[in-house]
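Notes for the one structure printed next.
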Amino acid sequence: MSNKLPETGGSEEVDLGQLFKLIGKAFERLFKFLADLINKLFLGLVWLIFFLKKHAVKIFLAGVLGFALAFIKEKVSGPVFVSSVTVNQNYNTGENLYSLINYYNSLTKQKGSATIAKALDLSESDSNNFVSFEIEPVVSENYRIKNYDAYIKELDSAIAASIDYDTYLENTMKHDYRQQKIFIKTKESRNLLPIFQKIIDKVSLSEFFNTRQKRDLEELKNKELALKQAIIESDSLKNTYKRVLEMPIDKKGSESGTNITIEGSETKNKTKEFELYQNDLELRRELVAIERQKQDKEEIIEIVSSEFTSGTVDNKTTILGKEISRKIAYAIFFSTIIFLLLLGVELNKFIDRYKDKV
């Protein structure tokens with residue numbers, strides 16, 4: 001019986017050689033694919049340039065037509081004025097506020113509507129001047145990140161780990177943000193601050209929010225009284241401690257009735273004056289914070305900015321997050337439509353060439 005092991009060196013070399021060949025072929029196919037792709041993209045770009053060159057006049061004329069239509073529309077229909085205010089929501093009034101704005105906006109579509117005139121104490125002729133009511137949150141990316149961080153800290157660690165930033169944004173509604181901007185578009189320039197105030201009052205006079213406001217203010221009032229009493233007692237304790245420290249040493253030893261021992265060793269007692277001062281300072285900080293909370297709770301919704309309540313001409317629109325002139329927007333829109341139509345015609349011709357070969 002032979003004890004020799006089978007020789008495997010040759011087969012391993014053959015396997016490695018085949019592996020390298022396979023890797024080489026894979027890279028070769030990849031490079032060929034990339035080269036073909038770049039070539040096709042280049043040919044497509046060249047074709048697009050010739051396409052634009054061929055139809056440049058048509059696309060340009062479409063843009064001019066769009067610009068002219070926007071210009072004529074502005075002249076015929078007259079200017080539209082937009083007014084806005086920024087408000088702070090001190091309570092969760094967002095859903096009610098958005099519903100009310102959407103309701104008023106729907107009423108503007110009903111020309112001569114007596115409903116909106118009655119709701120805003122206007123004549124029907126004045127109510128016909130309203131074009132639209134809109135609302136949007138005033139929020140930056142930094143504000144969103146801060147809110148997300150505060151939200152995560154309130155959750156259990158296990159739950160917080162399952163909620164990322166994108167998930168948080170997907171589940172955050174527009175009306176959840178504290179600051180909101182309300183827009184009113186009209187056909188005439190006038191001071192709309194009373195109208196904005198009526199909209200805010202409509203939400204603020206809700207019985208639900210008024211009840212919550214009363215409870216919150218009562219709770220803050222009780223906290224304020226408790227803190228003021230604590231400050232009085234702290235001042236009294238500080239004065240007593242100060243008198244003890246000012247007494248002669250022999251009196252401190254002889255008059256046991258005036259001896260005061262505060263928890264801790266003698267070493268710790270030496271710093272008790274500073275600790276009392278720190279405690280008093282903290283109480284006063286809490287009192288200031290409560291006073292600020294009371295001021296915030298005094299208004300359910302408050303106007304924080306009203307710079308454009310008399311209206312400015314609304315002649316711009318937003319495209320891809322940037323504001324541009326409405327006439328330019330019309331020109332871009334018409335040019336894009338003609339471009340797509342011409343592109344569709346060329347594509348149809350290209351397909352017809354290969355129709356019989358399929």
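A few remarks follow.
- Boolean, THR211 is among the β-branched types (Val, Ile, Thr), surrounded by fewer than 12 Cβ atoms within 10 Å (Cβ to Cβ) and over 25 Å from SER140 (Cβ atoms): yes
- Cβ separations smaller than 6 Å between residues 6+ apart or across chains give the following pairs from the range 82-93 residues that are assigned to a strand (DSSP E or B) to residues that are surrounded by fewer than 21 Cβ atoms within 10 Å (Cβ to Cβ) and of a type in the set (A, V, I, L, M): VAL85/ILE303; THR86/VAL138; THR86/VAL304; VAL87/ILE303; ASN88/VAL304.
- Restricting the range 295-340 to residues that are at pLDDT below 75 and small (Gly, Ala, Ser), the residue that is nearest to ARG212 (Cα to Cα) is SER306.
- On inspection, THR115 fails the criterion of being surrounded by fewer than 18 Cβ atoms within 10 Å (Cβ to Cβ) and closer than 21 Å to SER306 by Cβ.
- Residues that are part of a helix (DSSP H, G or I) and among the small types (Gly, Ala, Ser) within the range 202-236 comprise SER204, ALA226, ALA230, SER234, SER236, listed in sequence order.
- Among the residues of the range 64-81, those that are buried (at least 19 other Cβ atoms within 10 Å of the Cβ) and in a helix (DSSP H, G or I) comprise GLY66, PHE67, ALA70.
The values are calculated or read from the model by the stated rules, or taken from the named source; none is laboratory data. Keep in mind that this is a model prediction, so the values were computed, not measured. No Cβ is skipped: glycine too gets one built from the backbone with ideal geometry, and neighbour counts run over all protein chains shown.
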